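A short write-up of the structure that comes next.
The values are calculated or read from the model by the stated rules, or taken from the named source; none is laboratory data. Keep in mind that what you see is a predicted model, and the values were worked out from it rather than measured. Here the Cβ is made from the backbone with ideal geometry for all residues, glycine too, and neighbour counts use every protein chain on show. Each accessible area value is taken on the protein alone, full model and side chains, heavy atoms only, with ligands, DNA and RNA left out. Shrake-Rupley method; radii C 1.70, N 1.55, O 1.52, S 1.80 Å.
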Amino acid sequence: MPDTNCIQVLPEVVANQIAAGEVVQRPASVVKELLENAIDAGSTHIEIHIKDAGRTLIQVIDNGIGMSASDAVTAFLPHATSKIRQAEDLFALSTMGFRGEALASIAAVAHVELRTKRQQDELGSCVCLSGGQLESQELISCPNGTNIAVRDIFYNIPARRKFLKSNESEFRNIVSVVEQVTLAHPDITFSLHHNGQLVFKLVAENTHQRILSLMGKKMDGKLLAIQVDTILGRISGYIGTPEAAIKRGAAQFFFVNQRYIQHPYFNKAVQMGYDKLIPADAKAPYFIYFEVAPDKIDVNIHPTKTEVRFEDEKAFFPILSAVVRETLGKANAIPSIDFDQDDAPYIPAAPSSNEPFAAPLPKVSFDPSYNPFKGNYTSKNPVQNWEALYETNAEHTPELQEPAYSTPDWGEPLISEQSIPCKCLQWKKKYIVCLGDNTVQVLHQHRLHSRILYEQYLKRMRTAQKCSMPLLFPEVLELSAKENALFAEVAENLKEIGFDFEPFGKQTYQITAVPDGLGDANPVQTIMETMQLLQTNTTLATDGKREIIARTLAEKAAITAGKELSDMQMHLLMEQLSVCQDTTYSPNGLPIAVTIDEKEIENKLK
Ligand code: ADP
Ligand code: MG
């Protein structure tokens with residue numbers, strides 16, 4: 001008879017590894033747990049040291065109450081906690097941790113070294129564990145507080161280690177967690193170091209100052225204080241003025257009893273408060289803190305504890321909307337920016353894969369043999385600087401075709417000798433209508449120009465032909481801590497295309513040069529938008545990053561609807577388009593032109 005008993009009790013180490021999966025999903029989850037423990041221990045000073053986005057090292061050093069020699073070992077047992085004695089305690093809990101499984105879970109999937117000392121003890125203890133097994137325990141002399149180092153996360157679960165994303169992406173997750181924790185505890189001094197370098201240091205301050213320290217000075221003057229006391233609890237914090245609303249990546253934070261939470265339902269309430277004051281697709285920043293009795297919330301519904309259920313959710317909703325609305329009204333916050341300008345540059349949506357144009361594109365009829373440049377129009381030296389040409393009300397002035405500064409050779413235009421331009425007209429300040437021998441072509445001027453610029457920018461980056469325009473008045477780029485981390489990653493690519501900048505204080509840079517051809521596009525906004533797009537595409541290789549940068553810049557710099565074009569400008573655009581690799585679609589994959597041939601017209605007229 002075969003043995004039919006196949007149920008086995010898992011060895012404890014394996015069980016802990018499985019349990020660990022709930023708490024420890026990535027390096028950022030370890031950072032979160034260690035920070036919460038340090039805060040629960042009453043620390044006023046917390047240092048975070050990370051190596052290789054947490055793969056190699058996650059270390060948190062605090063000046064909190066520390067642990068006794070025996071607690072230093074017990075702390076790693078599953079369900080070891082100093083915070084609950086009985087099940088009822090769960091409902092009255094105001095501390096961060098509450099399940100006593102963080103340290104056990106972390107120790108199950110990494111090498112951990114804990115050094116800790118209480119003030120009243122002469123000596124501290126050092127405890128080492130690997131894969132959940134205690135390896136050593138000794139008395140040492142060390143400062144008061146706790147210093148815990150987590151090395152080689154998932155060293156014993158290769159599948160999970162492989163599952164980690166790029167260092168950039170993992171580190172950004174860490175910065176997000178640190179951001180959340182530091183915003184919840186502005187009275188604590190924090191510093192974050194990555195690979196030996198200080199990323200930021202935040203000294204104890206008030207909430208308003210903490211928001212500015214983290215988010216950058218760009219938020220200064222754009223925050224309105226809110227406060228309301230209700231029988232349900234207190235709501236306080238800051239909301240952005242309508243001017244602070246942006247389309248992507250707004251800083252939106254809710255905290256309950258000093259813990260960061262996500263709450264889509266309350267988010268909706270806040271959005272409703274902004275109704276009609278900001279465009280439907282824009283998001284205002286907010287930093288909203290709830291203080292409620294611990295027994296009125298259920299924090300235990302999600303293992304990573306960012307989701308919290310309120311007993312009185314429905315009752316909070318209208319209060320939240322109203323306080324936002326009223327604060328905006330009191331501040332007389334009427335938006336001064338019109339987001340719906342007709343000729344505002346089209347802001348591209350992030351591509352959903354590494355290949356921006358992988359999705360099937362809409363078909364448009366286009367005659368590739370159609371050439372609008374038959375004739376004797378001569379241009380040996382196409383002007384690349386569109387703005388230079390654009391500023392002057394250019395007729396066929398030969399000098400204008402000399403670039404004002406050195407421009408790389410983008411390649412000879414297809415037709416340069418003996419060319420006569422076809423007849424081009426501008427229609428509605430939006431389209432260029434080209435009358436060919438047998439066809440009429442209607443081209444979208446913004447899409448056409450962005451295609452030209454996109455290919456030029458991309459070529460520049462790929463061939464390292466940097467082309468900068470120094471800025472007479474350098475622009476200041478103020479970044480949040482998180483943006484700063486991302487900026488470090490893309491700085492090289494931005495330089496490749498022609499931006500130049502130098503450090504200008506904490507998380508601040510001075511933009512000293514911009515890529516030529518950028519025209520009037522705001523360099524700060526352009527860099528910020530590029531970063532937002534790159535942030536949502538973290539797995540991109542260099543060329544993918546370049547494409548995004550080129551696309552954002554091209555969309556920003558391209559002429560918009562409403563610009564009047566001279567004949568010369570239209571011809572120049574047509575000529576530049578004719579040397580593009582793709583003449584059919586804008587960099588965002590929208591058709592550039594509609595072509596109608598004579599036969600179609602004749603058919604319609606039958
Ligand atoms: P929990 O925080 O849910 O109690 P943890 O596994 O995170 O569970 O921690 C277990 C226990 O270890 C805590 O209850 C606390 O007593 C102790 N501990 C952990 N980290 C620290 C620290 N940084 N300082 C002092 N005590 C700590
Ligand atoms: Mg804990």
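Below, the figures for the structure above:
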item: Condition met for residue 9 (modelled with pLDDT of 70 or more and either open to solvent by 20 Å² or more (accessible area, probe 1.4 Å) or under 36 Å from the mean Cα position of the chain (by Cα) (or both)); result: no
item: Qualifying positions in segment 118-150 - within 15 Å of ligand 1 (Cβ to nearest atom), over 19 Å from residue 33 (Cβ atoms) and of a type in the set (Gly, Ala, Ser); result: 124, 125
item: Lone unmet requirement of (1) touching a residue at least 40 places away in the same chain (Cβ under 8 Å); (2) not in a helix (DSSP H, G or I) for residue 545; result: (2)
item: Scope segment 31-77; condition crowded, with 23+ Cβ neighbours inside 10 Å, among the small types (Gly, Ala, Ser) and more than 9 Å from ligand 1 (Cβ to nearest atom); matching residues; result: 53, 54
item: Breaking point among (1) open to solvent by less than 40 Å² (accessible area, probe 1.4 Å); (2) near ligand 1 (Cβ under 7 Å from one of its atoms); (3) at pLDDT below 95; (4) on the phi < 0 side of the Ramachandran plot, for residue 99; result: (1)
item: Test: residue 557 is farther than 30 Å from residue 170 by Cα and open to solvent by less than 20 Å² (accessible area, probe 1.4 Å); result: yes
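Here is a yes/no grid of residues against (1) away from ligand 2 (no atom under 15 Å from the Cβ); (2) modelled with pLDDT of 85 or more; (3) part of a strand (DSSP E or B):
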position: 15; (1), (2), (3): yes, no, no
position: 22; (1), (2), (3): no, no, no
position: 34; (1), (2), (3): no, yes, no
position: 48; (1), (2), (3): yes, yes, yes
position: 76; (1), (2), (3): no, yes, no
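The rows are residues; the columns are (1) at pLDDT 55 or above; (2) under 30 Å from residue 453 (Cβ atoms); (3) not aromatic (Phe, Trp, Tyr).
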position: 261; (1), (2), (3): yes, no, yes
position: 273; (1), (2), (3): yes, no, yes
position: 281; (1), (2), (3): yes, yes, yes
position: 302; (1), (2), (3): yes, no, yes
position: 305; (1), (2), (3): yes, no, yes
position: 312; (1), (2), (3): yes, no, yes
position: 322; (1), (2), (3): yes, no, yes
position: 365; (1), (2), (3): no, yes, yes
